[in-house]
Amino acid sequence: MGRHDVVRADEFGFEHRRATSGRRAGWLWGLGALIVVVALVTGVVLWRTGAVGGCGDRTSVAIASDPAMTGALRTVAQQASADTCYDFTVTGVAGAQVPGELTRGDQAPDLWVADSQIQARRVTTQVRRELSLVSPSIATSPTVIVGESVPATETWVDVMKLTDLRTGSPIDTSTGDAPIVGALAEVNDGNLTQKELTAAMTVLAVQQNNARLVNDNEGTRLNFANTAGVPVITTEQQYLLFTRTHPGSRLEATVPAGGTVQLDYPMVNTAGAARRDIAAAAGQVLVDQLSSPAGQQALTEAGYRTPDGAPLPAGAGVGKVRVLQLDDPTQVDKAIRQWQVLGVPIRTLVVEDTSGSMAAAAGGTTRAGLLTDASLTGLKLFPNNTMIGGWAFGINKGPNGADWKWMSPIRRLDAAAATGGTHREELAAAVRRGLAPSQLGGGTGLYDTTLAAFKEVQKNYDPNYSNSVIIMTDGQNEDPNSLTLQQLLATLKRLEDPARPVLVLTIGISDDADTEALKAIAAATGGTTYVAKTPADIQTVFVDAIQARVVAAGR
């Protein structure tokens, strides 16, 4: 061995031969250190990106989420962002706002976690997009009825009829359309009739229009249930979250004995064509993260069930449930169209007969008394957002020899009245005054009055309402100077405007009413005619009148 070839073993047992040149030794050690630093930096980058080849530029992915799912989804998305090359951003978007978000072009979200496949299909159809599912379900939660003491129910029709029930809009939320979907499934199973479903939808729609909260969302409704004791429809997950954050709450959750509707939270690819493949890949990464043990734990801790619907651990929630299935989604589309018609508020002019025949005895009262009771009963059925006014008619009852006169103007029922109280109260008082015994007398000017009422409503047509005239009479036209029935029908047809439709609904009081003429008048405008023989009949009359709108919408 030469004088400069010194061999030394290091602490790891590796031999190192010292170079004869100090300059050369320093160069070699510098190169080795550089290699080590590069290796360490590369390792950190690979560890941060989770990708063997590195990320390069990271990819931002925008996710619109059902508001109730946002918290849990954001937790999982943050972990997915840390482990991958995607930067996920989760934003809660209410159901009513989703169509607008999906039509923002390049600003539309890449992914959308809806609350149900039914809602996802309805919205994508509305915005003329194909339904592209990344996952049919990332979690589930059954629909429940929550309250302090909710009566036991067999079917979703029973649920719809619960007093003071609160639920979301079926057009915007799956908790809102759950009663309809559940009842449709029960109709398909033969446990309900379509007529029972339509009647229940009508009652529920009127009630919801009357009781809709200004800030209407899951949390607001649950707070209302907690303070006012009313039943609400929500999800098991929202119920668990509420009771967890409101210690001492006495709210309980239940489902109908026949079964319930399960929300399935699909993930939808909503990206534009240029980003469709990117969104699909990113969505699958997020679905994998949600399916991991950590992802499942996050969802379970938030109160969600797994996609298979297995009950939550430790007896939380409502336990095992029977899930109602609806195979034909077009049934829901038809029902929602019907609901949309019911959701349109009513603007109507009620025209009431004050001719002499209305003083005739009828049971323990007079026909006018019968009509008064019937009107007041019907008035209670209309929701607060209804606009109603009233006319009294006979022959030469009004100014300048008109057969009609105003009892009360057309206004919202919840509007403040000049005399104090609401317009609903003022209108009820006006009916009592207008049909008092002292106001009865003379003949019936049915045809002139009907045409004038039609023109009045059409002249002040409101496109935000369903505009109509309701004629109530016990007799037939007795004005010798009026137009004939055929002239009336022809004029109504001529004045009919598809852009400003006005329906005429006719109600005969007693068997003496000219039902054939009333039917012809109603039919000329697409309306319907009814006969009310007792005060109790009027509730059926008004519900049937509203149901007629439902049936027509479902065709």
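Since every read-out is calculated from the coordinates, none of them should be taken as a lab result. Nothing here was measured: the structure is a model prediction, and the numbers come from that model. Neighbour counts run over all protein chains shown; Cβ positions are idealised from the backbone, glycine included.
Numerical summary
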{"read-out": "Förster-model FRET efficiency, 35 Å R0, Ala228 and Ala94, C-beta, rounded to 0.05", "value": "0.90"}
{"read-out": "Computed Kirkwood radius, in angstrom, where 1/r is averaged over Cα pairs of the range 405-521", "value": "15.9 Å"}
{"read-out": "Proximal lysines relative to Lys397, as straight alpha-carbon distance under 30 Å, when same-chain residues fewer than 8 apart are discounted", "value": "Lys380, Lys405, Lys455, Lys459, Lys493, Lys519, Lys533"}
{"read-out": "Amide hydrogen neighbours beyond the local backbone of Thr153, cut-off 5 Å, H modeled", "value": "Ala257"}
{"read-out": "Ranked Lys405, Lys380, criterion: other C-beta atoms within 10 Å, fewest first", "value": "Lys380, Lys405"}
{"read-out": "Sites Arg432 and Lys320, calculated FRET efficiency, Cβ-Cβ separation with R0 51 Å, nearest 0.05", "value": "0.35"}
{"read-out": "Under-5 Å amide H pairs with Val504, H placed in peptide plane, nonlocal only", "value": "Val469, Thr525, Gly527"}
{"read-out": "Shape call, the range 345-415: gyration tensor on alpha carbons, a/c limit 1.5", "value": "oblate"}
{"read-out": "The range 344-553, Cα convex hull volume normalised per residue, Å³", "value": "116 Å³"}
{"read-out": "Whole-Å distance, taken between Cα centres, linking the range 396-421 and the range 266-335", "value": "55 Å"}
